[in-house]
Ligand SMILES: *Cc1c(COP(=O)(O)O)cnc(C)c1O
């Protein structure tokens, strides 16, 4: 397909970014604020980049009302490297709990098994991860180093409505696909982490927010320096050359979120967008959502016709209409619309209008 305009990109990640942000970056591409160079060309130790990373950090801190006992790190290696960094940095008793809610939660658990006694405390595998299992507080050993959850399940389209109660055990959440999509209370968590390429920037940056008392200098196993949160915190995320351009772009997205009205505005808009699609799906006689009830994600919405041939036909027609990347993950099938912060309500309206026309043509 060839387009001479920007299309509606429903990809689960890397995903759509705000057009205003891309345009601003375009304007600064050759000569960043009279520095005479691109951000890609400058030293990460220079004053220009130092300002970029410290502004990104303070903007993010304002957005989430960060208390002073939390540290923001901008790291590399994706959410996937944190699957290993979490057990390595948090191990004390070397026991931890995991809730299995899909592929990413499972990958985190399997990585955890490499380093400590990782235990499954709840799972929704029995129904192909189409719901969030309830976690019995009694099943959480108070000696666990942490309880790991994947807060929004990108592939299956589920999200925690209520966080599990963990007692004194720190809650660790993979927020890759819901980070900054709505208001949340950071003080409910010990650690929050997110790969940038879903909701806050380009691939290459991973945001890790850690409660400071959980950052240990004496680790219980040999750990590569680059994975150590204590060294990264000490170096203000500049232990080695950081993903500088990615951090610059994330900073722009944070500024955009602030200008748009912060997380309250993001949450309201995301609520409206998701409601529009779910309302259509719930009355449709052709399409149906694969997730029911209160654990529906507002970021990733899988849906099916129940007929593989029709699914394929729908995907082709959507592509032609400039509604791109709607193919569902193979483990759910059908379609999936990802409605991250930068997806406009107009994009969701265009999708629903197209689905409605497709349904009428196939009655
Ligand atoms: C995409 C995704 C990941 C993997 O992220 P990488 O940055 O590619 O390592 C992990 N967890 C969730 C919830 C995701 O959506």
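The values are calculated or read from the model by the stated rules, or taken from the named source; none is laboratory data. Predicted model, so just to flag it, every value in this text is computed and none were measured. Glycine also receives a Cβ, built like all others from the backbone with ideal geometry; neighbour counts cover every protein chain displayed.
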**Residue check for residue 144: part of a loop (DSSP other than H, G, I, E, B), within 11 Å of the ligand (Cβ to nearest atom), in contact (Cβ under 8 Å) with a residue 12 or more places away in the chain and in contact with a strand residue (DSSP E or B) (Cβ under 6 Å, 6 or more places away or on another chain)** = no
**Asked** What is the residue count in segment 207-238 for residues that are more than 24 Å from the chain's Cα centre (by Cα) and either within 24 Å of residue 253 (Cα to Cα) or in contact (Cβ under 8 Å) with a residue 40 or more places away in the chain (or both)?
**Response** 7
**Asked** residue 251 versus (1) surrounded by fewer than 24 Cβ atoms within 10 Å (Cβ to Cβ); (2) in contact (Cβ under 8 Å) with a residue 40 or more places away in the chain: which is the lone unmet condition?
**Response** (1)
**Request:** Can you work out which of the residues in segment 148-175 that are more than 16 Å from the chain's Cα centre (by Cα) and within 16 Å of the ligand (Cβ to nearest atom) is surrounded by the most Cβ atoms within 10 Å (Cβ to Cβ)?
**Result:** 171
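Okay, residues lined up against (1) within 16 Å of the ligand (Cβ to nearest atom); (2) in a loop (DSSP other than H, G, I, E, B); (3) within 21 Å of residue 205 (Cα to Cα):
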{"site": "3", "(1), (2), (3)": "no, yes, no"}
{"site": "11", "(1), (2), (3)": "yes, yes, yes"}
{"site": "15", "(1), (2), (3)": "yes, yes, yes"}
{"site": "22", "(1), (2), (3)": "no, no, yes"}
{"site": "44", "(1), (2), (3)": "no, yes, yes"}
{"site": "51", "(1), (2), (3)": "no, no, yes"}
**Request:** Can you run down the residue pairs with Cβ atoms below 9 Å, 6 or more apart or on separate chains, where the first is in segment 60-80 and on the phi > 0 side of the Ramachandran plot and modelled with pLDDT of 95 or more and the partner is assigned to a helix (DSSP H, G or I) and within 13 Å of the ligand (Cβ to nearest atom)?
**Result:** 77/84; 77/85
**Asked** Does residue 179 qualify as being part of a loop (DSSP other than H, G, I, E, B), more than 16 Å from the ligand (Cβ to nearest atom) and surrounded by 19 or more Cβ atoms within 10 Å (Cβ to Cβ)?
**Response** no
**Message:** Can you say whether residue 207 is touching a strand residue (DSSP E or B) at 6+ places or on another chain (Cβ under 6 Å) and within 12 Å of the ligand (Cβ to nearest atom), as far as the supplied structure shows?
**Reply:** yes
**Message:** Looking only at segment 190-199, filter to residues that are part of a loop (DSSP other than H, G, I, E, B) and in contact with a strand residue (DSSP E or B) (Cβ under 7 Å, 6 or more places away or on another chain); which one of those is nearest to residue 11 (Cα to Cα)?
**Reply:** 196
**Item:** Test for residue 165: is it assigned to a loop (DSSP other than H, G, I, E, B), touching a residue at least 24 places away in the same chain (Cβ under 8 Å) and over 30 Å from residue 334 (Cα atoms)
**Value:** yes
